[in-house]
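The next block holds one structure in the form of structure tokens; read it before the comments.
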Amino acid sequence: MAAPLDMEPTALSLELLPTDPLLLILSFLDYRDLMSCCYLSRRLNQLSSHDPLWKRHCKKYWLISEEEKSQRNQSWKAIFISTYSDLGRYIRYYATLKKAWDDLEKYLGQWCPRMIGSLKESVREEDLDAVEAQIGCKLPDDYRCSFRIHNGQKLVVPGLMGSMALSNHYRSEDLLDIDTAAGGFQQRLGLKQCLPLTFCIHTGLSQYMALESVEGRNKYEIFYQCPDQMARNPSAIDMFITGTSYLEWFTSYVNKVVTGGYPIIRDQIFRYVHDKECVATTGDITVSVSTSFLPELSSVHPPHYFFTYRIRIEMSKDALPEKACQLDSRYWRITNAKGDVEEVQGPGVVGEFPIISPGRVYEYTSCTTFSTISGYMEGYYTFHCLYYKDKFFNVTIPRFHMVCPTFKVSTLRMETNHNEYAVAEDEDSTDTDEYEDRRRVLDIPAPSGRCPRHT
């Protein structure tokens, strides 16, 4: 018999559902909605407290493992709530930063064990509040969150944020602890409201984070300072940009480290970038190149962009013994962004004439400068066979590009008549004496030797 037409269908209520499908529905809720369910009814309160529902949130937001839960001897819900009460303001960032720190510690433990001992324990929330009161600026939550995990590192060598060595020039950047960073907080013209994140005890180089949008910087932008040598005002500071936020800056660096993007040399992280396509094989010999930009030896005004490159020459281990050979000379073809070409030829590399035999690897480091923001190099080495001394052959050096990072010009320069500070940008200079002059202008201690160029 059909139902009367005037009868309305009964509304379906969640509470009328059996327990299993209702728990399944609740498992798709975020922690905020799951908590709200506790206040809707007695049944939903009981079901939303079902401990397995909170396991997913503990793992997603706080990276709590089964082992840690066992050690804490608490329910998943209790762990989530207690952790949220301490770190709730950082819930957007905590899992990402905690994973980055965990991955970095694991990697350092395997490849750079002495660096582990330089890491400092976390700071308390009240310590970060005290720093904000001291400097009169708010710290971004992603920065604060990272220091709730690790308070940077001690001022030691090697630095956590990477090293660079070239001839007698050496840089190694420490990740500053919160108190040291606060002590270096800047209020002077050119670096107003900027907080140092890193520091190198050898060069005095720091990466800064802008805590406010002033002097042409975006809020939370991270950069290397670069004095404008052409400006009459010493407060004119150009900037090489290295990050748009602390989270992006730190996690991208860690990812590069733990994926092997940076080589480990003598228990240190060296910030050379290798393009996997930048490899050339000639017979049994393979040449590969990695490059790095050195902000501490570069300037925007005048345009002088300093790059270092690391070259690896390797003979296949399967090569015949009679393929052993010795490097005699090098040839470089150097092209800047304007298409200007310079050719360099000379004996050996870095004053050496390495012998290459099956399975052997030879590596060396050299440098170059451009007056344009990019350029590339390519060329070849000439070898002679050790078994057939009258036999010579060339080995290709693959083309490798060098590009200056994004930079911003000082607002003091922007506000000044550009004609007053006209800059000649027509020539590249690779003269070593000019390199020494640049170092003095940049106020970097001059090394006892000179940088070998194009070797």
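The values are calculated or read from the model by the stated rules, or taken from the named source; none is laboratory data. Just so you know, these numbers come straight off a predicted model, no measurement behind them. Every residue, glycine among them, receives a Cβ derived from its backbone with ideal geometry; neighbour counts consider all protein chains shown. Please note that ligands, DNA and RNA were not included when accessible areas were found on the heavy atoms of the full protein model with its side chains. Shrake-Rupley method; radii C 1.70, N 1.55, O 1.52, S 1.80 Å.
Counting pairs of alpha carbon atoms under 8 Å apart in space and at least six apart in sequence, what relative contact order in percent does the stretch 182-290 give? Don't jump to the answer; show the numbers that get you there.
Numbers: 155 pairs, mean separation 14.0, N = 109.
For the stretch 182-290, the relative contact order is 13 percent.
Just going by the charge dipole of the chain, with Lys and Arg at +1 and Asp and Glu at -1 on Cβ, which of GLY136, HIS202, ILE178 is farthest out on the positive end?
Looking along the dipole axis, the top candidate is ILE178.
Out of ASN394, GLY351, GLY261, whose Cα points farthest toward the positive end of the dipole of the chain (charges: +1 Lys, Arg; -1 Asp, Glu; placed on Cβ)?
Working it through, the farthest residue towards the positive pole turns out to be GLY261.
With every protein chain kept in place and ligands, DNA and RNA left out, what is the accessible area per residue of the stretch 258-344? Probe 1.4 Å, answer in Å².
41 Å²
Please compute the contact order of the chain in relative form: average sequence separation of alpha-carbon pairs under 8 Å and at least six residues apart, divided by the residue count, as a percent.
11 percent
Sequence-distant or interchain residues sharing an amide H contact under 5 Å with ILE265, placed H: which?
Distant-sequence amide H within range of ILE265: PHE270.
In this model, which of LYS323/LYS391; LYS98/LYS192; LYS60/LYS138; LYS60/LYS219 are farther than 19 Å apart at the alpha-carbon?
Violating the 19 Å Cα-Cα cut-off are LYS98/LYS192; LYS60/LYS138; LYS60/LYS219.
Please work out which option in (i) 38, 23, 22; (ii) 53, 31, 22; (iii) 59, 38, 18 gives semi-axes √(5λ) of the Cα gyration tensor in Å calculated from these coordinates, and answer with its label.
Of the labelled values, this structure produces (ii).
When the helix-only estimate is applied to the chain (DSSP H runs of n ≥ 4, each -39,500 (n - 2.57), divided by the residue count), what is the mean residue ellipticity at 222 nm, nearest 500 deg cm²/dmol?
Theoretical 222 nm ellipticity from helices: -8000 deg cm²/dmol.
According to the square roots a ≥ b ≥ c of the eigenvalues of the Cα gyration tensor, what is the shape class of the stretch 258-312, taking rounded for a/c under 1.5, prolate for a/b larger than b/c otherwise, and oblate for the remainder? Walk me through the numbers on the way to the answer.
Details: a/c = 2.79, a/b = 1.52, b/c = 1.84.
Oblate, because a/c is 1.5 or more while a/b does not exceed b/c.
Treating the stretch 272-406 as a set of equal point scatterers at the Cα positions, no solvent, please give the Debye-formula log₁₀ I(q)/I(0) at q = 0.13, 0.15, 0.19 Å⁻¹.
Each listed q corresponds, in turn, to -0.57, -0.73, -1.06.
With θ set to phi - 60°, apply the Karplus curve 6.51 cos²θ - 1.76 cosθ + 1.60 along the stretch 91-98 and write out the HN-Hα couplings as whole Hz, x wherever there is a Gly or Pro.
Values per residue, Gly and Pro as x: 4, 6, 10, 4, 4, 5, 6, 5 Hz.
Just check the stretch 19-89 against the gyration tensor rule for me: Cα atoms, a ≥ b ≥ c as the square roots of the eigenvalues, rounded for a/c under 1.5, and otherwise prolate or oblate depending on whether a/b exceeds b/c.
Note, shape of the stretch 19-89 comes out prolate.
Over all directions, the average projected area of the alpha-carbon convex hull for the stretch 94-255 comes to how many nm²?
Working: hull surface 39.6 nm².
Seen from a random direction, the Cα hull of the stretch 94-255 projects 9.9 nm² on average.
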